[in-house]
Amino acid sequence: MNKHPLLSKLLVIFSLMLLLSVPLLMVFDTIQERSAYRAEAAAEVARAHAGAQTLTGPVLHVPYTETYTRTVPVEGGRGETRQEQVTQAHVALRFPVRLDTRSQLDTQIRWRGIFPVTVYTSTHQSTGRFVWSDVEAKEKNGQITLGQPRLILGVSDLRGLLSAPQLTVAGQPTTMGPAPAAQKLPLPLAAPVDVELLKPGAAFDIALSVELAGTGRIGWVPLADENTVSLKSSWPHPNFGGDFLPRTRNVSDQGFDATWSVPSLSTQAQQVFAHQGELRSAPDSFSVSLDNPVDVYRLTERATKYALMFIVLTFSAFFVLEMVKRWRIHPMQYLMIGAALVLFFLLLLSLSEHLGFAWAYGLASAACIGLLTHYLRHVLRGWRPALGMSALLVALYGVLYGILISEDNALMMGSLLLFGVLAAIMVVTRKVDWYGVMSPPQQPAQ
C-alpha cells in the first residue's frame, strides 16, 4: 500500500463507491415498492368509485331476417330437385352521420392512506343524426323483414353511471336501460327505436344526456361520420392521449378546454366495430388522462439514477483537493460522507410523500448539506474549507434539481455538468506533479 499511495487511495475510493451502491439499490427498490402501493391505492379507489371510462356510440343496431327460396337436390331422386325456403338472421349497423358532444368534467381527490387518487364526475350532452339506408338482400329473391331496432351505447365501467342515460329520438323521450341478454348486443346499454322511422333515406335526430363518474382517464370512440367533442374541466394538468389529439386546446392554472374533430375518413373505428368478432384490434379512440404531472415517485426514481454520478463527483472533488491542498481524509470519512449522500435520496422519498417535491428536495438537501458542513468543519479543521466544500455540494444539488424538473434538457444539462467538472479538475491539477504524488514516501536515513 505504501509503495503506491495514489493508486492505493484510488482503489479504496472505488471500493467505497461499490459498497455505497448497495444501499442505493435498496433505496431504488423502496421507491418501486412505494410506487406499487400507490398503484394499489388507485385500483382500490377505482373499484369503489369507477374505473377509467370510454364512451362508445350511440349506434343503431337493427336485427333483420332474409327469407329466400333455393333449389336443392332430392336425396335419391336421380337428378330431381325441390324448392326450399331459407330464413337467415343478420344485423345491420348504422352509425350517426354526425355526433356533437359537449362535456363538462369535475375532479376530486380521494385519499387511501397517504396516497391521493384523482376521480371525476362528468356530464355529456350529445346531439346527432341518423340516416337510414335500406338493407339490400343478399339473394336475388330475398325478402327482408326488420326486427326491433335499438340505439346502443357503451361505457367502460357501468358502475360509473350516476343516472340512467336520457335519450330523445325524433322528439320522443326514452330512457336507456341494460341491453337484453338474449340479444347479445355489442354494447351494454340499449333503447328501442320505432321501426316506422326506418324508411329508405329517412333521417331522424337524437339527443343524449349521460352523467358518468370515473377515475384517472376519460375517452371517446369516434364512430360517427363526423365526430366533434368539446370538453371543459377545472383540472389544470391534462394529458391528451389516444389516436387523435385535440384540434384546439387551452390549458391554464384554472383548467382546460379542448375540442376534437374526427371524420370517419381519418379512422378505422367503424370498420373495426362492425367486425369485432373477426378483428382483434380495438377501435381508434382519443382520451384525456388526469395524472398528476409532478409524480414524486417518478422524480425520486430519476434522482436516484443520478445518485452514483453524484457520489463520484463528490468523491472526485474531495480526492483532487486532497491531492492539491494536501488534506488528509481517511477512507472511513469518505464512507461517512457517502452515507450522508445516499441518505439524502431516502429523505427525499419519505418527505415527498407528505410535501410537494420541491419542498421535500429543499428540506432533504438542506439537512444533508448542514450535516456535511458540520462534519467537514472537523475533518478539514476549519470553517473555510468546510464552507467551500458545502458550496460545491449546493451547486451539485442545484444542478441535479434542474435536471429533474427539465426532463427535455436532462441530457444536455448532464453532459454540461460532466464537462464542467472535468474542466475544473484539469485546471486545478494542471501543476500537480503526479509522478511525485505517486512515488512512495522517502525513508529517513539511518
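General remarks:
- Residue within segment 21-33 that is at pLDDT 80 or above, touching a Phe, Trp or Tyr at 6+ places or on another chain (Cβ under 7 Å) and in a helix (DSSP H, G or I) present: yes
- Pairs with Cβ under 8 Å, 6+ apart, first in segment 289-317 and touching a residue at least 40 places away in the same chain (Cβ under 8 Å), second assigned to a helix (DSSP H, G or I) and among the basic types (Lys, Arg): TYR297/ARG34; TYR297/ARG38
- When GLY142, GLY147, GLY113, GLY128 are checked against the criterion of being closer than 20 Å to SER285 by Cα and touching a residue at least 60 places away in the same chain (Cβ under 8 Å), a single residue qualifies: GLY128.
- Where a residue in segment 379-408 is assigned by TED's automatic domain parsing to the domain that holds ALA364 and its partner, wherever it lies, is surrounded by fewer than 19 Cβ atoms within 10 Å (Cβ to Cβ) and polar (S, T, N, Q), with Cβ under 6 Å and at least six apart: VAL379/GLN333; ALA386/THR373; SER390/THR373
- Elements of the type strands (runs of 3 or more DSSP E) sitting completely within segment 146-262 and holding at least 3 residues that are modelled with pLDDT of 90 or more and over 29 Å from VAL62 (Cα atoms): these cover 226-233, 248-252.
- Qualifying residue in segment 33-49 (condition: crowded, with 19+ Cβ neighbours inside 10 Å and under 30 Å from VAL131 (Cβ atoms)): no
- Qualifying residues in segment 328-346 (those that are among the hydrophobic types (A, V, I, L, M, F, W, C) and touching a helix residue (DSSP H, G or I) at 6+ places or on another chain (Cβ under 6 Å)) - the one nearest to LEU380 (Cα to Cα): ILE329
- Looking only at residues of segment 285-309 that are under 18 Å from the mean Cα position of the chain (by Cα), at pLDDT 75 or above and assigned to a loop (DSSP other than H, G, I, E, B), we find that the one that is farthest from VAL229 (Cα to Cα) is ASP291.
- In segment 65-96, the residues that are touching a Gly at 6+ places or on another chain (Cβ under 8 Å) and surrounded by fewer than 16 Cβ atoms within 10 Å (Cβ to Cβ): THR65, THR67, PRO73
- Inspection of segment 332-347 identifies no residue that is touching a residue at least 40 places away in the same chain (Cβ under 8 Å), in the same structural domain as LEU18 (by TED's automatic domain parsing) and in contact with an Asp or Glu (Cβ under 9 Å, 6 or more places away or on another chain).
Rundown of residues vs (1) among the aliphatic types (A, V, I, L, M); (2) at pLDDT below 80; (3) crowded, with 16+ Cβ neighbours inside 10 Å, yes/no style:
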{"position": "LYS3", "(1), (2), (3)": "no, yes, no"}
{"position": "LEU18", "(1), (2), (3)": "yes, no, no"}
{"position": "LEU55", "(1), (2), (3)": "yes, no, yes"}
{"position": "HIS61", "(1), (2), (3)": "no, no, yes"}
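The values are calculated or read from the model by the stated rules, or taken from the named source; none is laboratory data. For clarity, every value in this text was computed on a predicted model and none was experimentally measured. Every residue, glycine as well, gets a Cβ built from its backbone with ideal geometry; the counts of neighbours run over all protein chains shown.
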